[in-house]
Each structure stands twice: as structure tokens, then as C-alpha cells.
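Data first, discussion second: the structure below is written as C-alpha cells.
The values are calculated or read from the model by the stated rules, or taken from the named source; none is laboratory data. Just so you know, these numbers come straight off a predicted model, no measurement behind them. So basically every Cβ, Gly included, is an ideal-geometry build from the backbone, and we count neighbours across all protein chains shown.
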Amino acid sequence: MGALARCKRALPAKIFLPGLIAAFIALGAYYSFTTPLFESPDEVWHYAYIREIATRRGFPVMQAGVAQPWAQEGTQAPLYYLLGAPLVAWINPADLDALPALNPFARIGEPQAATNDNRNAFLHLPDENTPWRGTALAAHLLRLYSVALGALTVAMTFALAREVFPASRAVAPLAAAFAAFLPQFLFIGSSINNDNLATILATALVWQLARTLRRGITPRRALILGALAGGALLTKFNLVTLVPLALLVIFVAAVPKRAWRAAFVGVIIFISVIALIAGWWYARNFSLYGDPSGLSLIINMIGERAAPMNLARWFLAENEGLRFSTWGVFGWMNILAAPAFYWFFDLLALAGLAGMIVVGRQLKLRQQSHETDLRRLTQPAQAGFVNLLLRFQSLALLALWCAITFAALVYYNRALPAAQGRLLFPALAAFAVLWARGIVALIPTRAIIMLGAIQFGVAALTPALFIAPAYMPTSANEVPSDATHVDHATLLAVRVNRAETQPGDALDITIYSRVSDLQAARRAIFVHVINSADIIVAQRDSAIASGNWSGLTYPAMIADSLRVEIPITASAPDDWRVVVGTYDLESRVRVGEPITLARLPARANTAAWQFDFDGRATLLRAEIASQAVARGDALRVVLRWSAAPQNYRVFVHALGDAERIWADADAALAREMEFTLRFAPDTPPGVYPLELGVYPVGGDRVPVFDARGQLIGDRMFLGPIRVVTSD
């Protein structure tokens, strides 16, 4: 009877797990084929790293100040790239060097623009994917390699859940399905990215740590732990946090039997294996760069924040982006799904959390019951208490790894702008197991099945609904009646979504172009919003069809929708005008004359600006007396602040070429203050941006945050003014 019961328990796993892995591989391939070449964060740089190993049989060597094809990814540990190189080494090396050109107008990290407004980081030619050859073939082979690693992560999530909750038949399938059908995991898992190997190795190590808690530490298990940790460190340095976690587990596992000698031997083996597998790489980095981790090189390349954020400010500035990019942000962090998509996953997470609270209360009640039984000194009670203790330890292990991973991301991101959900995926399996246990405690079986089916449906529809449209040129059969027809070599008409505007608005402008062939399509269009002083207030440039020429059939009428954001610092009321034109994408020579579409009245925006100067004071408003000033004359600037802390000063500079200061003023910060900027008589005519900053007496400038809590540097710009010759 016991054997029959075990068989019945094993049968669903034998059927379900292979089916789940097959579904993940199918979805991963679908995501891979839907996403154009290298339209995933850092993918082109990871590809360049693998190409370097495959064709030149060596690792990238970073050179400060030199542009290299692998960018900052050249500092990464090499295991993912070493395993991927044989997949493409057989392809003609000359064919692997053909990369698509960068899109100079790409809106990387800007998901708020119109649907297909330059989401693509690269310009895509018609023959890019048909047929696959050279770079395209290599890239898709490497993407499928990543899909295979993701499938292993799904299987390991199942194994981890079975280890932690062996008595619950529903937790393992649900946890594995949650990971498999998470759109962001599918997106990253179908791209060339070393996070995929890092995730499977971290998951496998956590699984082995859970086994160690239950079975104790042995030399063989210490060897396995060391091999997995060494592989993790040879994949990505941020997994160094696994080492102290493993050491803690080895110690805890030794406590019940006081197996201190076994723990000591296990620690020696564990550390030795890590050093043997990964030590050479960090020694190499130290020899080359004087930094074993290479983090100093990354910091120099991508730049630190002007000042590290405190935890509260980090949460306000980054929580939304981190939340979105955990569930699903596609492209180069610039393609969002519909709001309902994020609500769905938010509710899933909250339901699992609520269920875990229920599980925690149940375990607490059982612990109290077992403690009562232990007072009677019965053997069954002792065994039950030990099992309960092991379960507590396993749950604590998963929760601790989730907390460590999140804390490491916050610590890193406080100084460097890199809050992406994929950096949490080493703890995805741990979270999925905890979440699944909570769901099982909260929802009946039939509802769980329906929930899994809905999540699968969301994951399956995501490429078609959100990813593919972002790279699809928008064609038009005819020009709408409310568009303004223009007389231009390429442009047919322009449609502006509003008759008036104000600072802080976003103009949605649709430009209709007719192109006869690819050569005609390889042009750029521009939109300028120009004020009464003939200063460009806002502008937007774009290749026709955003450079997604692989989806065009000629002749074609293209409707490019561009979002032009008006800075809230622009001076108004005023009379603006919208100017459009085209130029050759390579030579940058204009094609035809620019066309002034219409006058665009700009009314004043009375909303407070909300530029926060590191919590000391908030700039609510700046009023500039005029947008043009004669050289030799003075310009009056009035500032209004939310507070006036003592010993802080404000400066305003008019900057020329090479940021030379042509006029400046400096005064103690007050709630309302007036500056007079006097320009010298020899000031060259032209446009001069006005920079503003705050600093403590005798100190450095304080960081500035915008209304969304995003750090913009240690200064802000009030907007440009024009210096003219005297009449």
C-alpha cells in the first residue's frame, strides 16, 4: 500500500514536469523569435564576449577610456560565455562580426513614449532574419542555449519545492509553473544573458542547501556545494552572497548532532573547491586591473549616481521600475505591458503573501502543540518536533535568500542606476516555492489550476500583444482629414494632438511619410517646438519607421507617432510654433526645407515644479523676466522655494561653449529670491542654458531629484535664453 501511494505521488511529477518544461521551451522560443536581434538589455555586449572567445580564443581585456564591443560586460566572469562559445565557433568568424547599426534615436529606458516610438536600440534591415545566417544564426542559437538554462531552472524549482515541502503534492507544480510562466523570466531566459546561468546555479545551490539542512553535512555534499558555489562565482560576482549563506547552513546543519568536526571538514572542502574553480579568474582580474571583482571598471564606465540614495529615497524612486521589471518590461527597458498585466501579478504576489501568513500561524500553533507533547517525553512528539524544526529551517533558508538577494540589489543600486527585476532572479525559485505554499493554503485545488492556466495565457499572449507591436512600423492607407498636409519631398502630412499646450505637457505628433524603397526610408525626421525667442524648447528626431525597415513593403506610407515632451521649466505664456523636416540619416544633410506647421499657444503652468535638492529645499517655481537679453544688459530671475535652510547658497550660471560661465549670480537660499545676471558687452550672440544648483557653505553641490524622485545630477537647468546684439 505504501509503494502504491508513493507511485501515485510520483506519477503527476513524471507527467507534469516534462510537459511544463516543454511548454517553457516552446514559449521561450516564441519570445526569442518575436524579439528582434539584440533587442534585449545588454544582449549585444554578451554576444560580443562570446564571439571573442569563439573566434579569438581569449577573454576580453578591458581598457579604460576605450570603446569596446563588449562594453562593461567584459568584466563579467566567463563561465556562461565559455559554455556558449562552442555553439557558434563553427560559423565563419567573418560572418559573426556583422552587427546591426545602432539606432541613434532609441528611447532606451523610456517606457512612457508612444507604442513604437524608437523602442528598437538597433536599425533592422530587411534581410536580418531571412534566412538566418552569420550573426543572426549565432544569436538565435545562443538564445536557445539560454532557453535551455531557463528550463533547467524550472526543473530545479520543482526539485526545491519537493525538498522543502515533500508532503504537499501541489506546491512543487505550482512553484515551477509560476517561474516558467513569468513573462520577464521568459524574456530574459530567451536572450543572450549570463543571468540565465547565474539563476540555475543559484537555484541548484539553494536546493542542495535545503537538502543539507535535512540530511546534514558530509564531505560529498560539501564538494557539491563548493562546485555549485564556484560555478556561480565563475558566472557572476554578485552571487558571492551565496558563500556566507552556505557557511551558515553548514553550521546550522551541524547543531542537532553537534557534528562540529564534520562541519569543519565541510567548510574546508567547500572553500577549497570554490577557490579551485573560480579563484584563478579573480586572481587574473587583480593582476590586470587591481580589482578582483572588476566593479571599479563598471563604475567608471556607467558612472555612479551624484550621491548614494538613502533607503527611503531609493524606494520612492525605484520601486515602480523594479516592480514592473520583475513582472515584465521588455526591449531595452522601454516596452511596458498593459496596466492590467501588472495588477494581475501584483495580486498573485499579495495572495501568496497572505497565504504565507496563514501558513506561519499554522506552524506556530503546531509548534506550541509539539512543545506541550514534548513535556510528556514521548518519542513521536520528539520526532514531530524535529520535523517541524526542519521545516522552519527550510522556510527560513528560502526567506533569507530572498532577503539577501533583495538587500544586495538595493545596496548596489543606491550608488549605481541598475534596479532591474532580472537581478532578483537568482532568488526566483525560493520566492516561487514560498509563494506556492501560501497559495495552496489559501485557494482550493480547482482555483489553483485555473490560476495556472490564466498565468500561462498571459505569458503566451505577451509577445503578440506587447513585444511584436513595439517593433512593427505603423502603415497608413490614407492621411486622416484632421492632419495638416505639407509640400515636402518625403513628408505628406502631420497631425498634432492638441491646439494649445503648456510646460510639462507631452505632444503626440504623427508624421505621414511616403517611401518608395529602402534608400528613401533611410532618412530621419525631426520635430522642433520653437519659442518666440527662436529657441528650441523641445525636439524629437527619429528614423522613418523608427529604423524597423525589416517589416516594410514598398512603396509604403508610414505613420510615425512621436511623443515630444515639453520641459516644465520652459517659459510661458508664449507663442510657440511646430517645425518639421527630414535629413539623410548618414550624412545628416537636410532633405528639402523645414516646414512650419502651425502656431501653438503655450499657456502658463501654475503647478509647482517639485525639484528636490536632497531634502533641504524644493524649488517650486522660477520666473525668467525675458527669453532674450542684449549683451551688456542684465536678466532678472526670481526663484521660489519650499524652505530656506541656513548656511545653504544658490547659484545660477549662464553657460556657453565648453560650459564657460558668461554670467552668474550667487546668494543665500531664501524662500523667495531674485537674481540679476549681467552679461558682458563682449558676450557672443547665441543660446545660453541657465544652470542652477545648491550647496552648503564650504561644501559640494547637493544632488537634485525630479518630481518622480529620479536623480538628475547635482544641478538642474531652468531653460535657455538667447543673447542678442544691441540695437
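Select, from 87, 27, 37, the only residue that is part of a loop (DSSP other than H, G, I, E, B), touching a residue at least 12 places away in the same chain (Cβ under 8 Å) and closer than 30 Å to residue 459 by Cα. Explain how you work it out, then say what you get.
Values: 87 fails: part of a loop (DSSP other than H, G, I, E, B); 27 fails: part of a loop (DSSP other than H, G, I, E, B).
After ruling out the rest, the residue left standing is 37.
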| query | For the range 602-658, how many residues are in contact with a Lys or Arg (Cβ under 8 Å, 6 or more places away or on another chain), free of Cβ contacts under 8 Å to residues at least 60 places away in the same chain and of a type in the set (Phe, Trp, Tyr)? | reply | 2
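Can we say residue 189 is in contact (Cβ under 8 Å) with a residue 40 or more places away in the chain and at positive phi? Step through it out loud before you land on a result.
Working: in contact (Cβ under 8 Å) with a residue 40 or more places away in the chain: yes; at positive phi: no.
In short, no.
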| query | When residue 488 is evaluated against the numbered criteria (1) farther than 30 Å from residue 543 by Cα; (2) surrounded by 13 or more Cβ atoms within 10 Å (Cβ to Cβ); (3) at pLDDT below 85, which criterion, by number, is the only one it fails? | reply | (1)
| query | Within the range 124-163, which residues are crowded, with 19+ Cβ neighbours inside 10 Å and β-branched (Val, Ile, Thr)? | reply | 135, 147, 153, 154, 157
| said: Contact list please: Cβ distance under 6 Å, first residue in the range 264-290 and under 19 Å from residue 220 (Cα atoms), second residue of a type in the set (Val, Ile, Thr) and not in a helix (DSSP H, G or I), pairs at least six apart or on different chains. | reply: 266/217
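Would you pick out the residues in the range 441-453 that are touching a residue at least 60 places away in the same chain (Cβ under 8 Å) and under 13 Å from residue 181 (Cβ atoms)?
Initial filter on the range 441-453 (touching a residue at least 60 places away in the same chain (Cβ under 8 Å)): 441-443, 445, 448, 451-452.
Of everything in the range 441-453, those that are touching a residue at least 60 places away in the same chain (Cβ under 8 Å) and under 13 Å from residue 181 (Cβ atoms) turn out to be 451, 452.
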| query | Does any residue of the range 69-84 turn out to be surrounded by fewer than 21 Cβ atoms within 10 Å (Cβ to Cβ), of a type outside the set (D, E, K, R), free of Cβ contacts under 8 Å to residues at least 24 places away in the same chain and assigned to a loop (DSSP other than H, G, I, E, B)? | reply | no
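Checking the conditions here, which among 448, 509, 454 is closer than 30 Å to residue 342 by Cβ, aliphatic (A, V, I, L, M) and modelled with pLDDT under 90? Quick ask: steps written out before the conclusion?
Details: 509 fails: modelled with pLDDT under 90; 454 fails: modelled with pLDDT under 90.
Selected residue: 448, the only one of 448, 509, 454 that is closer than 30 Å to residue 342 by Cβ, aliphatic (A, V, I, L, M) and modelled with pLDDT under 90.
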| task | Specify which of the listed residues (225, 201) is touching a Phe, Trp or Tyr at 6+ places or on another chain (Cβ under 6 Å), in the same structural domain as residue 247 (by TED's automatic domain parsing) and hydrophobic (A, V, I, L, M, F, W, C). | result | 225
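Residues checked against (1) surrounded by 16 or more Cβ atoms within 10 Å (Cβ to Cβ); (2) at pLDDT 90 or above:
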{"site": "550", "(1), (2)": "yes, no"}
{"site": "568", "(1), (2)": "yes, yes"}
{"site": "603", "(1), (2)": "no, yes"}
{"site": "606", "(1), (2)": "no, no"}
{"site": "613", "(1), (2)": "yes, yes"}
| said: Being assigned to a helix (DSSP H, G or I) and more than 22 Å from residue 242 (Cβ to Cβ) is the requirement here; does residue 449 meet it? | reply: yes
| said: Restricting to the range 244-262, name every residue that is over 17 Å from residue 231 (Cα atoms) and either among the charged types (D, E, K, R) or within 40 Å of the chain's Cα centre (by Cα) (or both). | reply: 248, 249, 250, 251, 252, 253, 257, 258, 261
| field | residue 677 being assigned by TED's automatic domain parsing to the domain that holds residue 634, under 30 Å from residue 312 (Cα atoms) and surrounded by 14 or more Cβ atoms within 10 Å (Cβ to Cβ) | value | no
| query | What number of residues within the range 100-138 are within 18 Å of residue 471 (Cα to Cα) and at pLDDT 80 or above? | reply | 22
| Output for the range 166-183, where each listed residue is surrounded by fewer than 24 Cβ atoms within 10 Å (Cβ to Cβ) and touching a Ser or Thr at 6+ places or on another chain (Cβ under 8 Å) | 170
| field | Test set (1) closer than 30 Å to residue 523 by Cβ; (2) surrounded by fewer than 19 Cβ atoms within 10 Å (Cβ to Cβ) - residue 442 fails condition number | value | (1)
| field | Matching residues in the range 93-107 - criterion: being in a loop (DSSP other than H, G, I, E, B) and of a type in the set (A, V, I, L, M, F, W, C) | value | 98, 99, 101, 105, 106
| Considering 523, 590, 577, 599, which residue is in contact (Cβ under 8 Å) with a residue 40 or more places away in the chain, of a type outside the set (Asp, Glu) and surrounded by fewer than 17 Cβ atoms within 10 Å (Cβ to Cβ)? | 577
| message | I'd like to check something: does the range 134-157 contain any residue that is without any contact (Cβ under 8 Å) to a residue 40 or more places away in the chain and not aromatic (Phe, Trp, Tyr)? | response | no
| field | Count - residues of the range 214-244 that are under 23 Å from residue 425 (Cβ atoms), among the hydrophobic types (A, V, I, L, M, F, W, C) and crowded, with 20+ Cβ neighbours inside 10 Å | value | 9
